[in-house]
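The values are calculated or read from the model by the stated rules, or taken from the named source; none is laboratory data. A quick note: this is a predicted structure, and the numbers were derived from the prediction, not measured. No Cβ is skipped: glycine too gets one built from the backbone with ideal geometry, and neighbour counts run over all protein chains shown. Areas reflect the complete protein model, heavy atoms only, side chains present, ligands, DNA and RNA absent. Shrake-Rupley method; radii C 1.70, N 1.55, O 1.52, S 1.80 Å.
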Amino acid sequence: MTESATKHETILTVKDLTTSFKINNKFYKAISDIDMKIKRDEILAIVGESGCGKSTLVNSIMGLQDPSETKITGEIDFEGQDLTKISEADYNKIRGAKIGMIFQDPLSALNPLKRIEDQIEEVLICHTDMSKQERRARVLELLDQVGIVDPKRTAHQFPHQLSGGMRQRIVIAIAIACKPDFIIADEPTTALDVTIQAQILDLLKDIQKENHSSIILITHDLGVVAETADYVHVMYAGKIVEKGNVDQVFNNPQHPYTRSLLKSIPQVDSESDELYVIEGSVPSLQNMPATGDAFAPRIPWILASDHEENPSMHKLGHGHEVRCTCYQDFYFKEESDA
Amino acid sequence: MSLIKVKNLKVHFPIRGGFFNGVVDNVRAVDGVSFEIQPGETFGLVGESGSGKSTTGRAIIGLEKVTSGEITFEGHDVTSHKDRKEIDYDQDVQMIFQDSFSSLNPRKRIESIIAEPLKNFENLTPEQEKIKVLQLMKIVGLSPDALYKYPHQFSGGQRQRIGIARAVATNPKLVIADEPVSALDLSVQAQVLNFMKKIQRNMGVSYLFISHDLGVVRHMCDRIAIMNRGQIVEIGSREDIYKHPKHLYTQRLLAAIPSTRVADRDKDRERRQKIEKEYKEKQKDYYDKEGRAYPLVEVSKGHLVALPPKEALKYKDIKEEN
């Protein structure tokens, strides 16, 4: 395949995805109306605060939820298969082999009773027909690739003997063992120190470039997004409220939520004493409004007529999309006072 | 006079082993830390996990036994527990913890949680106590109907505000805030930090602000100390640390913060990798054979850096000339 042909190939398409959880025999929508596409060679970041549904979204893609407690509707198209309809056995062939996953907490993602080499080898046993020697060689190669200084020694160690950064490297090695086209990283650096975080993000970027794979990066840290991602989806209350490339979202944010979030970061040069605070709080699952813009209660100074009843995505050109028309008339409260 | 003065503070934890389970070695969690905090000032203690920043805070308030060193509070020696009893140290120094869920008793109502320090230190009638609790709740923006609720009925940000209300209940002079916002979302974090600043303006309290988040520290702190391996490697005003970092470790830490400037990200990445490479090469110059930082040298007024002897000489010469 030529370089240009691989570049625009879509790997995953999500259409109108809704995931509901059962609470007291009633289903509540945790995420709804999710439409997204991820192309080869692309890092897509999904940002939002806790409870906005970003982890629910990736767990739905990976099929990690208990089917008796959840209801998933819509389509998740991965390489021609609809992941919402396939059997558990088929799913197992995809997970680990074609989609790799990196979890937030590397200590709980690794088995404390198994040596590192056995844990990485497990993926290879499940998904490849390599011989034992080949697998062992591949394990060492992988450890080297994720920047472990002494692969032979580390391979024989147990997770508790490694530092947090090293453990996360092992989790990454497991995720990329079968060279998947597609990696999901759920808050991969949240539990790590800033200097280690920088190393892990650089590593992820290098691996992505080397394997021409795609990454969905889930995070709440806007700095991480700005440094790593190509495209950004901002989520609020279970819906994507803004889509665009990093430049559009950070330099020309449109949705009131995105703008408020960027405003509340402590700034480098700002001498002001007060940080910007978004009024109110994120609605809980049971209190989620069925219609209307979920962010409207948090910007009460914007007229109700500026919000749509059933907010839809508006295309602003060049792939930049925003939900609800309220962005057109949005201003910050103190701007009106001035 | 400074409010609190910490001089050569050491906290060592014994490693036991061998036949009689004797002390084999020590973990030098805090290894010779000295700093001062002025009244009404916010002093930041920054470092990565394991740098000893939390242990320092816990030793000051008395949750960790001091191995050696001296802590002076308003001129009184408060290193040992006995000395603390003589002045109102336990009332004047309070703490805000990182995890607001485990630091609030799940079986108590908010009223008794916030009233507990008042019960310990002040003789109030039940009515006075209730009025005081309501005042405190108002300061941190909680509505009066929260009085009879339990901690689990609140969100993370609200719980952290309850922790702040409890910490300032006795009108303390120093509040030690150990990672107060690191478990919170961005918008909630802003709110909690604003309340902390407002309280400082109104009550004149000093903060010892312990955090790993350099963005938050820059917003909150007047003076900052950077800790690494149980020692302070650089200490100075906000400008000194962020605009003119001298120690290699400080430079590395600052370069690692992800910024939201999308346009500069390739440049930032290059700079970060350059400093990371430099850190790997020159790291040994900045620490002695035992892996300890060198003594602090004053490079400009109030800006102290643990420079290697060779570079430190430069600054000593300048000083002598003056």
Gain upon complete extension [A:Ala304, A:Asn252; 0.36 nm per residue less C-alpha separation]: 16.3 nm
If you take every DSSP beta bridge whose two residues both sit in the protein assembly as shown, what share of them, in percent to the nearest 5, is antiparallel? 65 percent
Between B:Ser102 and B:Gln153, how high is the FRET efficiency from 1/(1 + (r/R0)^6) when r is the Cβ-Cβ distance and R₀ = 22 Å? Nearest 0.05. 0.85
Picking from A:Thr190, B:Ser103, A:Gly100, whose Cα lies most toward the positive end of the charge dipole for the protein assembly as shown (charges on Cβ: Lys, Arg +1; Asp, Glu -1)? B:Ser103
Kirkwood Rh and Cα-based Rg: tell me the resulting Rg over Rh for chain A, rounded to two decimals. 0.99
Indicate the helices, whole DSSP H runs only, in chain A that combine a mean Kyte-Doolittle hydropathy of -0.5 or more with a Cα extent along their long axis of 24 angstrom or more. A:194-211
Env charge @ A:Ser281, Cβ radius under 13 Å, K,R +1 / D,E -1, value 0
With each pseudo-label sitting 7 Å past Cα toward Cβ, what's the B:Gln91-A:His318 distance in nm, one decimal? 6.3 nm
Evaluate the Kirkwood expression for the hydrodynamic radius of segment A:253-338, namely the inverse of the mean inverse distance over all pairs of different C-alpha atoms, and round to one decimal in Å. 14.4 Å
Taking amide H positions as placed 1.01 Å from N in the peptide plane, with prolines and chain starts having none, which residues 5 or more places from A:Leu316, or on another chain, fall under 5 Å of its amide H? A:Glu321, A:Val322
Over all directions, what mean area does the Cα convex hull of the protein assembly as shown project, stated in square nanometres? 35.6 nm²
Identify, among B:Leu296, B:Pro308, B:Leu253, the residue whose Cα sits farthest towards the positive end of the charge dipole of segment B:244-322, taking +1 on the Cβ of Lys and Arg and -1 on the Cβ of Asp and Glu, with the dipole about the Cα centre. B:Leu253
Taking chain B, the equivalent ellipsoid from its C-alpha gyration tensor has semi-axes in Å, biggest first, of 36, 24, 20
Ignoring ligands, DNA and RNA, what percent of the accessible area of chain B is carbon or sulfur (1.4 Å)? 49 percent
With -39,500 (n - 2.57) per DSSP H segment of 4 or more residues and division by the full residue count of chain B, the 222 nm estimate, nearest 500 deg cm²/dmol, is -12500 deg cm²/dmol
How long are the three semi-axes of the equivalent ellipsoid for segment B:82-210, computed from the Cα gyration tensor as the root of 5 times each eigenvalue, in whole Å, largest first? 21, 19, 14
Quick check for me: using +1 on Lys/Arg Cβ and -1 on Asp/Glu Cβ, what's the dipole size of segment B:244-322 about its Cα centre, in debye to the nearest 20? 280 debye
How tilted is helix B:265-286 with respect to the longest principal axis of chain B? Cα atoms for both, answer in degrees (0 to 90, nearest 10). 70 degrees
To the nearest 20 debye, segment B:1-150 has a Cα-centred charge dipole, built from +1 on Lys and Arg Cβ and -1 on Asp and Glu Cβ, of 480 debye
Sum up the charges of everything whose Cβ sits under 13 Å from the Cβ of A:Ile200, counting Lys and Arg as +1 and Asp and Glu as -1, but leave A:Ile200 out. -3
Expressed in whole Å with the largest first, what are the equivalent ellipsoid semi-axes of segment B:244-322 derived from the C-alpha gyration tensor as the square root of 5 times each eigenvalue? 28, 16, 10
For the protein assembly as shown, the dipole about the Cα centre with charges only on Cβ (Lys and Arg +1, Asp and Glu -1), to the nearest 20 debye, works out at 1340 debye
Stokes-Einstein at 37 °C, 0.692 mPa s, Kirkwood radius from Cα pairs: D for segment B:76-122 in µm² s⁻¹? 260 µm²/s
Calculate, for B:Gln135 and A:Asp129, the FRET efficiency according to 1/(1 + (r/R0)^6) with r their C-beta to C-beta distance and R0 56 Å; round to the nearest 0.05. 0.20
Output row, site A:Asp77, 7 Å Cα→C-beta label point, backbone N cut-off 18 Å, window segment A:15-29, residues A:15-18
Can you tally the net charge around A:Glu88? Count Lys and Arg as +1, Asp and Glu as -1, for every other residue whose Cβ sits under 13 Å from the Cβ of A:Glu88. +1
Starting from the Cα-Cα distance between B:Asn123 and B:Asp222, subtract it from 0.36 nm times their residue separation and give me the gain in nm to one decimal. 32.1 nm
Can you give me the relative contact order of chain A as a percent, contacts being Cα pairs under 8 Å and 6 or more apart? 19 percent
